[in-house]
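> Got a structure for you, written out below as structure tokens; questions coming shortly.
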Amino acid sequence: MSRIHFLAGLLALCMAVGCKAQPAPQLTGLALDRHIEVMVRSQFNIPPEVNVAIGASKPSQISGYDALPVTLSNGGKSQVVDFLISTDHKTLARLDKFDLANDPIFSINVAGRPIRGNPAAKVTVINFDDLECPYCSRMHQALFPDTLEHYKGAVRFIYKDNPLVEIHPWAMRAAVDANCLEAQSSAVYWMYVDYIHSHGQEVNGETRNNARSFDALDRIARQQATLGKLDAVKLDACLAKQDESQVRASMKEAESLRVEGAPAVFVEGERISGAVPVEQLWMVIDRALRAAGVEPPAASGQPAKMQ
């Protein structure tokens, strides 16, 4: 072989070697943890003040992937989010599993709660309510009377307590007073809830004094009790005691359902967060009715749709 041909062959070999993609080295240790943290922060918009800690991987039920716990923490609170990482450390994945039989959204505790509408209806609308919340008042007005009248006996409505005590100073008092009335009469409970949701300014007063707001709530409760012919002595004892245990239990349940505000409505498990237009609310209720084998009523002025 001539010297020229030898050099040409050597050059071609070098070029081939230089153009071939080299496999990336497998990430391990701190470098791997850093890559995971950056990816998690980027993909899920994690705020800078939230700490991200990468746990130890362990075998998973999915071939080629290990389970990887990632802990998010801030201000004394923490949450573990489960990820999957490929055994070659090249792919990070997120896989959610849903318990179709035991998810709490399908088993909200409504035992003993006052019912509005048909108690035997196949579809239940559950509202986690805050009596001081203006958005809750808006949702309440959409539910009553319009939605109640529209669906007649096809739907029942149940309220649960979720006062946002951090921002609404008299919401807890209102919830306790409402439950004091409910202990004697579901009808009077609803009278009180209707009144508070439409007369919030009367409770707030001009100066937003908490003590005066509490007095106003108790006064309104006694007025509704008089109209409903309830036992005044029993009511006064309940109002004076201000037992928050029932309300706190409902708040804890709301937290377990990942309810982050009010109102939060569940229609046979389907969640509606915040006050929405009545048309959207009815769309969700219609879906639940059809799933239960009930044809929803036609919207006002519109014929029922054929299935």
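The values are calculated or read from the model by the stated rules, or taken from the named source; none is laboratory data. Note that this is a predicted model, so its numbers are computed, not measured. Methodologically, a virtual Cβ is constructed for each residue, glycine included, from the backbone with ideal geometry; neighbour enumeration extends over all protein chains shown.
> Collect the residues in segment 245-273 that are among the charged types (D, E, K, R), in a helix (DSSP H, G or I) and surrounded by 13 or more Cβ atoms within 10 Å (Cβ to Cβ), keeping them in residue-number order.
Result: 248, 253.
> While we're here: Which one of these is touching a Lys or Arg at 6+ places or on another chain (Cβ under 6 Å) and without any contact (Cβ under 8 Å) to a residue 60 or more places away in the chain: 111, 121, 101?
So the residue among 111, 121, 101 that is touching a Lys or Arg at 6+ places or on another chain (Cβ under 6 Å) and without any contact (Cβ under 8 Å) to a residue 60 or more places away in the chain is 121.
> Okay, moving on. Does segment 274-292 hold any residues that are exposed (fewer than 13 other Cβ atoms within 10 Å of the Cβ) and closer than 20 Å to residue 131 by Cα, and which are they?
277
> Considering only residues that are in contact (Cβ under 8 Å) with a residue 24 or more places away in the chain and outside any loop (DSSP other than H, G, I, E, B), look in segment 274-289 and name the one that is farthest from residue 123 (Cα to Cα).
The extreme case among them is 278.
> Here's another thing I want to ask about it. Quickly run through segment 249-269 and pick out the residues that are in contact (Cβ under 8 Å) with a residue 40 or more places away in the chain, of a type outside the set (A, V, I, L, M) and under 15 Å from residue 130 (Cβ atoms).
Across segment 249-269, the qualifying residues are 250, 253, 261, 263.
> Moving on. Please find, within segment 100-155, the residue that is farthest from the chain's Cα centre (by Cα) out of those that are within 13 Å of residue 285 (Cβ to Cβ) and hydroxyl-bearing (Ser, Thr, Tyr).
The selected residue is 151.
> Further, regarding this structure: Identify, by number, the condition in (1) under 19 Å from residue 155 (Cβ atoms); (2) in contact with a helix residue (DSSP H, G or I) (Cβ under 9 Å, 6 or more places away or on another chain) that residue 119 doesn't meet.
Of (1) under 19 Å from residue 155 (Cβ atoms); (2) in contact with a helix residue (DSSP H, G or I) (Cβ under 9 Å, 6 or more places away or on another chain), only one is false for residue 119: (2).
> Kindly establish whether residue 211 is without any contact (Cβ under 8 Å) to a residue 60 or more places away in the chain, buried (at least 20 other Cβ atoms within 10 Å of the Cβ) and more than 30 Å from residue 283 (Cα to Cα).
No; evaluated as a whole, the condition is false for this residue.
> Report, ordered by the first and then the second residue, all pairs with beta carbons closer than 7 Å, sequence separation of six or more or different chains, a first member in segment 51-75 that is without any contact (Cβ under 8 Å) to a residue 40 or more places away in the chain and in the same structural domain as residue 36 (by TED's automatic domain parsing), and a second member that is part of a loop (DSSP other than H, G, I, E, B) and surrounded by fewer than 13 Cβ atoms within 10 Å (Cβ to Cβ).
74/49
> Suppose we filter 98, 83 for residues that are among the aromatic types (Phe, Trp, Tyr) and loosely packed, with under 14 Cβ neighbours inside 10 Å; which single one remains?
Testing whether each residue is among the aromatic types (Phe, Trp, Tyr) and loosely packed, with under 14 Cβ neighbours inside 10 Å leaves just 98.
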